[in-house]
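Taking it in order: structure first as structure tokens, then the write-up.
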Amino acid sequence: MTVRVRIAPSPTGNLHIGTARTAVFNCLFARHHQGQFILRIEDTDLERSRPEFTENILEGLKWLGLNWDEGPFFQSERMELYRQKIQALLVQGLAYRAYDAPEELEAMREVQKANHEAPRYDNRHRDLTAEQEAAFKAEGRKPVIRFKIEDDREIAWTDLVRGKVSWKGRDLGGDMVIARASEGSDIGQPLYNFVVVVDDIDMKISHVIRGEDHISNTPKQILLYEALGTAVPEFAHTPLILNQAGAKLSKRDGVTSIADFQAMGYSAEALANYMTLLGWSPPEGVMEEIFSLDQAAQHFSFDRVNKAGAKFDWDKLNWLNGQHLRRLAPSELSQQLLPVWQAAGYEVPDDAVWLEGLCVLLGQSLNRTTEAPAMAQTFFVEPTFEQEAVDHLKQPNVGIIIQTFEKLFREWEKEDLPMQEDLWKKLEEKIQAAIHEQISALGVKKGLVMKTLRMALTGTKSGPELVPTIALLHAHKEVAKRLTQANKIIASMSGSADT
RNA sequence: GCCCCCAUCGUCUAGAGGCCUAGGACACAUCCCUUUCACGGAUGCGACACGGGUUCGAAUCCCGUUGGGGGUACCA
């Protein structure tokens, strides 16, 4: 059997992480079985659907690498098909027109509620006589179309995630509305549960993979498959992504749209990896938990999908994103960070070697690309001196250290940097050697030298590893210049301190 | 209320009746590396919701309780 699955988002909001995770499972399953992954936009709710959300959903899926094989299909363009199918059900007597007014349905539910009964339609218009129908029409009532659901039906399926799930017809809420109200003998806007089934049949979907929140739709849909005379597909209901409180993650929980994660500096690979891990676990021994979609697809199966909901955890996402970042080659990382720095307003020199050197240095302590501007500031902007740095520079012995290195680097700047493979390594060794030499020459502690250089060059007490930092700064002749500047600050301070 | 689903460290999870003194990852703590913050390495802390069965033996199977979640539309 060929596997055909689909993701069917509704364009009533931006691509949500829950929808994206369902897309991940669908895509993984399709790839594992060399099947087809279909994208269908469920825009039957004309009121709430917006083209910009469709755009956002398409972009988000592409960004995540969840490429679909067919589509996007739009339900709004397929109304004729749905109406035909509804007409057929009407003709077969499996569906009928119901003329209840909203207030009447409301009143009915009030009574049920008062009696501690489940709210349900009591099928009161199921067997209307021609006279009754004519009377309702004469009143100007607009009918909906309801699909008959027998109370004594038992509906069961074997869910790929949950095993056997069963339902009783009477718990389905009575005959269900499949088309909204409309004038006379027209067929109104068809509704979700119906169009899903028509489309899944038409698109020959073999496996319906969706969130657990759709479990209660499944028995209704199974009845519809039967009515339409088609075999029922396999179902897999995946656990939901939960918020900190353990409830279904919703827009109200803050950051939930894929575009937001992207803007926060998370990579598509890491996000896809994390979403997969929220419910699926890689087989032990074959795979670690840091993986690409391709790797996951190789081993994906519903046997390894958990049944319980999974709370979303920022700590783990951050860690995972850092891991993915650290696995990038310097050139790849550089490609990612360059636009971030440019967007931050930095004038990034056109020097690929230097840029890659910088990326290697910063990449090891980077979790998200959005952290890169703050982390790289010292390389693009003249330092401003923190109070702590100023205080440090006041100390005795500091001036002589700065002057010594200033002179040293002034000399070095006269030479060109050798363009060689291990340029940075060689430069770092050279700086390291010079530092050690000066430590013994000046008779000071290493800690003092290192601290002094850091404060004088960057104006702060913490930052990336110092020696590589110096190497990078030196490559653009920034070291001697900055030391001169630091010296001036010391001079001005001692001047005012004496008076 | 009614129906359905679920239940292992704080979090994500491994676990298919004996390989379990319950494994891994994140987080947390301590130490190492280190001028610093990170990264990295090591160690530690830490869970089978509860009660009954079944069995020689239960985290695993059954029943119940409790707790959590989802659904209950002329939304999707």
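The values are calculated or read from the model by the stated rules, or taken from the named source; none is laboratory data. Computed from a prediction, not measured in an experiment: that's the story for all the values here. With ideal geometry, Cβ positions are generated from the backbone for all residues, glycine too; neighbour counts draw on all protein chains shown. For accessibility, only protein heavy atoms count, side chains too; no ligands or nucleic acids. Shrake-Rupley method; radii C 1.70, N 1.55, O 1.52, S 1.80 Å.
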- So what's the gap between the Cα centers of region A:19-89 and region A:415-442, to the nearest angstrom? 58 Å
- Message: Could you tell me how far the Cα centroid of region A:104-124 sits from the Cα centroid of region A:374-392, in Å?
- Response: 70 Å
- Query: What list of ³J(HN,Hα) values in whole Hz, one per residue of region A:4-19 in order, does the Karplus curve 6.51 cos²θ - 1.76 cosθ + 1.60 (θ = phi - 60°) give from phi, with Gly and Pro shown as x?
  - Reply: 10, 10, 8, 10, 10, x, 9, x, 10, x, 5, 4, 8, 4, x, 5
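Multiply the residue separation of residue A:323 and residue A:251 by 0.36 nm, subtract the distance between their alpha-carbon atoms, and state the gained length in nm to one decimal. Walk me through the numbers on the way to the answer.
Numbers: separation 72, 0.36 × 72 = 25.92 nm, distance 2.76 nm.
Full extension of this stretch gives 23.2 nm more.
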- Gain in span if fully extended, residue A:2 to residue A:213, counting 0.36 nm per residue against the direct Cα distance: 73.3 nm
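In region A:241-345, which trypsin sites (Lys or Arg not before Pro) are in a loop and have at most 15 other Cβ atoms within 10 Å, using DSSP for the loop call? Mind dumping the intermediate values first?
Values: sites: A:248, A:251, A:252, A:304, A:307, A:311, A:316, A:326, A:327; in loops: A:307, A:327.
Of the trypsin sites (Lys or Arg not before Pro), the ones in loops of region A:241-345 whose Cβ has at most 15 other Cβ atoms within 10 Å are A:307, A:327.
Just to confirm the filter: which GluC sites (Glu not before Pro) across region A:399-499 are DSSP coil and have at most 12 other Cβ within 10 angstrom of their Cβ? The partial results should precede the final answer.
On the way: sites: A:406, A:411, A:413, A:415, A:421, A:428, A:429, A:437, A:465, A:478; in loops: A:413, A:415, A:421, A:465, A:478.
Sparse-neighbourhood loop GluC sites (Glu not before Pro): A:415, A:421.
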- Task: Could you give the size of the charge dipole of region A:387-494 about its Cα centre, using +1 on the Cβ of each K and R and -1 on the Cβ of each D and E, expressed in debye and rounded to the nearest 20?
- Result: 420 debye
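Give me the percent of accessible area attributable to carbon and sulfur for region A:328-380, probe 1.4 angstrom.
Looking at region A:328-380 in its full context, I get 47 percent from C and S.
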- Inter-centroid distance (Cα atoms) of region A:216-248 relative to region A:127-191, Å: 18 Å
- Query: If amide H atoms are built 1.01 Å from N in the plane of the peptide, which residues on other chains or at least 5 residues away come under 5 Å of the amide H of residue A:73?
  - Reply: A:39, A:40, A:41
- Item | Full-extension gain in nm, residue A:416 to residue A:79, via 0.36 nm per residue minus C-alpha separation | 114.2 nm
- Message: Contact order normalised by length for region A:409-482, with contacts defined as Cα pairs under 8 Å and 6 or more residues apart; what percent is it?
- Response: 40 percent
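Could you state the accessible area per residue of chain A in Å², with a 1.4 Å probe and every protein chain left in place? Please list the in-between numbers first.
On the way: 24340 Å² over 499 residues.
For chain A, the per-residue accessible area is 49 Å².
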- Could you tell me which trypsin sites (Lys or Arg not before Pro) in region A:338-445 are loop residues by DSSP with no more than 11 other beta carbons within 10 angstrom of their beta carbon? A:414, A:445
- Task: Determine which lysines satisfy two conditions relative to residue A:451: a Cα distance under 28 Å, and not lying fewer than 8 residues away in the same chain.
- Result: A:394, A:407, A:414, A:425, A:426, A:430, A:461, A:477, A:481, A:488
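How much of the accessible area of region A:1-61, probe 1.4 Å, is carbon plus sulfur, in whole percent?
Details: 1080 of 2350 Å².
Carbon-and-sulfur percentage of accessible area, whole number: 46.
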